[in-house]
Structures are given as structure tokens and as C-alpha cells.
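Undergrad: There's a structure below that I have some questions on.
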Amino acid sequence: MTRAQLDKQPHEVAAMFDRTARRYDLVNDVISLGQVRLWRKATAAAVDAGPGEVVLDLGAGTGTSTDSFTEFGARAIASDFSLGMLRTGVARHGGNSLTGPGIPFVAGDALRLPFADNAFDAVTISVALRNVHDTRQALREMLRVTRPGGRLVILEFSHVTVKAFDVVYREYLMRLLPQVAKLFGSNDDSYAYLAESIRDWPDQPTLARTIQDAGWERVAWRNLTLGIVALHRAFKPE
């Protein structure tokens, strides 16, 4: 099992998500106390995809997040490097291949995206950037496939802004989260890794600087649920 403080080897992280795919959405709903649904809505509002636009949803997993980007006429592609997640997503969307009905499911590595330059109006990644081996390279790849003037939206676990609550949250994160995952039949070792990756992830201003250093401009963020997660938004220079 790869620990969060060590290098994240892509094949090991992918295998971890393969093991959790079947119950991933259920466990996320439970451990977030339903907040994940509100986070998805906030992310879709920040992406603000309209008719004729094309959205790339990276780290899409089973495609649960991808659905929200198509509500107002946009097209969306779900991409992930876990084939187990993608297969589960295709099955839940009623398909029998990685093309699926309505939403294409595409296997892809965030460090070498299998898409052309300037292909998307918006690129988004939800609670998955911290699992990528090289954050800066992933952000540069997202920049490459986004059209000039296009937007980036990142939903990621972050640092709680209320100190008293942060103590309680970290105790829950490190001790109870893996046990809750185990109770609902998921892989508790995988969620121990995820808890560590959340704890070790940089804070909101640090991630904003990293996004800017990768070439994005007009970087801003806002906190959700007292900073448990943060939404970062940026634009590709015209």
C-alpha cells in the first residue's frame, strides 16, 4: 500500500481505486454526511457550461460528477486512469463499453492527456488532483487541452478555516474515516491512504500559486463547508 507521504505511483493509485470502485459513490456520500452532493452542485455552477460547450471531467471516476455538466446543453467527457472506476460508471449509465450512452468514458493519464490542444471550453477535476503524481505537470496538461479563454475548475479537499473545528475534523479524518469505509464494505486501507493525502495536501493560497505558476491566470478560490473543500477557478490566457 502506497502511503500518502511517499511518491504516488500511478499504477498503485489506479489499483487502489479499482478496488474501491463498486461502493465508491456510496461511501463518499456517507463519509461526507451528504455534503458531496452540494459540492458537486457548486462545482457545476462554477464550470457554468452552456449549450455548444465541451467539458473535460478529469478524475471522473464513475461519472457521477460528469452528469451535472450536461444539464444545460453542454457536452462532457469523463476521463479517469482507473479502469475499474470507468467500467462501474459505464455500467451505471446503461452502457456496455467505455463509450457509454450520452457521456463518453475515456481512460487517460492526467500527466499525458489523450486529447488535442485547445479541445475543451472547460476542464474540471474533483477531489482527484491530490492523487496525481505531478501536480504541476497535470495543471500544464489541463492548460494545453483548454481553448484560449477557457476555464479551469478544481474541487479539492483543503484546510479548515475554523481552528476549533479543525481539531475535530482531523480526528475524524484519520481515525474514523477508514472505519466508516470498512463498515460499508469498502477498502479501509485505501481510505486510510486518502485520509493521509487530504491531511498532507497544501492549503488554499499554496494551491492557487501552483495553478498560476502552471500558466493559468485570474486564479481565485472560495471555501465550502468551512474549508473542508475549496473551489479554485482560473482561465487560460487568450
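Undergrad: Under 6 Å between Cβ atoms, at least 6 apart or on separate chains: pull out the pairs that start in segment 136-148 with a residue that is closer than 13 Å to L58 by Cβ and end on any residue that is open to solvent by 20 Å² or more (accessible area, probe 1.4 Å) and basic (K, R).
TA: Cβ pairs passing all conditions: L143/K236; T146/K236.
Undergrad: Out of R209, R222, R233, report the one residue that is surrounded by 19 or more Cβ atoms within 10 Å (Cβ to Cβ) and modelled with pLDDT of 95 or more.
TA: The match here is R233.
Undergrad: Now for a different question. Has segment 126-135 got at least one residue that is of a type in the set (S, T, N, Q) and closer than 18 Å to A74 by Cβ?
TA: yes
Undergrad: Here is a check on your reading of the model: is F81 open to solvent by 20 Å² or more (accessible area, probe 1.4 Å), closer than 18 Å to I154 by Cβ and touching a strand residue (DSSP E or B) at 6+ places or on another chain (Cβ under 8 Å)?
TA: The answer is yes for F81.
Undergrad: Something else now. Does segment 143-159 hold any residues that are within 17 Å of I77 (Cβ to Cβ) and charged (D, E, K, R), and which are they?
TA: Scanning segment 143-159 gives R144, R147, R151.
Undergrad: How many residues does segment 50-62 hold that are within 22 Å of L143 (Cα to Cα) and either among the polar types (S, T, N, Q) or under 17 Å from the mean Cα position of the chain (by Cα) (or both)?
TA: 7
Matching residues to (1) modelled with pLDDT of 85 or more; (2) open to solvent by 20 Å² or more (accessible area, probe 1.4 Å); (3) basic (K, R):
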site	(1), (2), (3)
V13	no, no, no
T20	no, no, no
G52	yes, yes, no
A60	yes, no, no
T64	yes, yes, no
F69	yes, no, no
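Undergrad: Could you please tell me which pairs satisfy a Cβ distance under 8 Å, a separation of 6+ or placement on different chains, a first residue in segment 213-238 that is farther than 14 Å from V153 by Cα and part of a helix (DSSP H, G or I), and a second residue that is among the polar types (S, T, N, Q) and open to solvent by 30 Å² or more (accessible area, probe 1.4 Å)?
TA: These pairs meet every condition: T225/Q35; L226/T161; G227/T161.
Undergrad: Among the residues of segment 208-235, which ones are touching a Pro at 6+ places or on another chain (Cβ under 7 Å) and basic (K, R)?
TA: Within segment 208-235, none qualify.
The values are calculated or read from the model by the stated rules, or taken from the named source; none is laboratory data. Treat the numbers as computed from the prediction; the structure is a model and nothing was measured. Here Cβ is always computed from backbone atoms with ideal geometry, including for glycine, and neighbour counts include all displayed protein chains. In case anyone asks, the SASA skips ligands and DNA or RNA and just uses the protein heavy atoms, side chains included. Shrake-Rupley method; radii C 1.70, N 1.55, O 1.52, S 1.80 Å.
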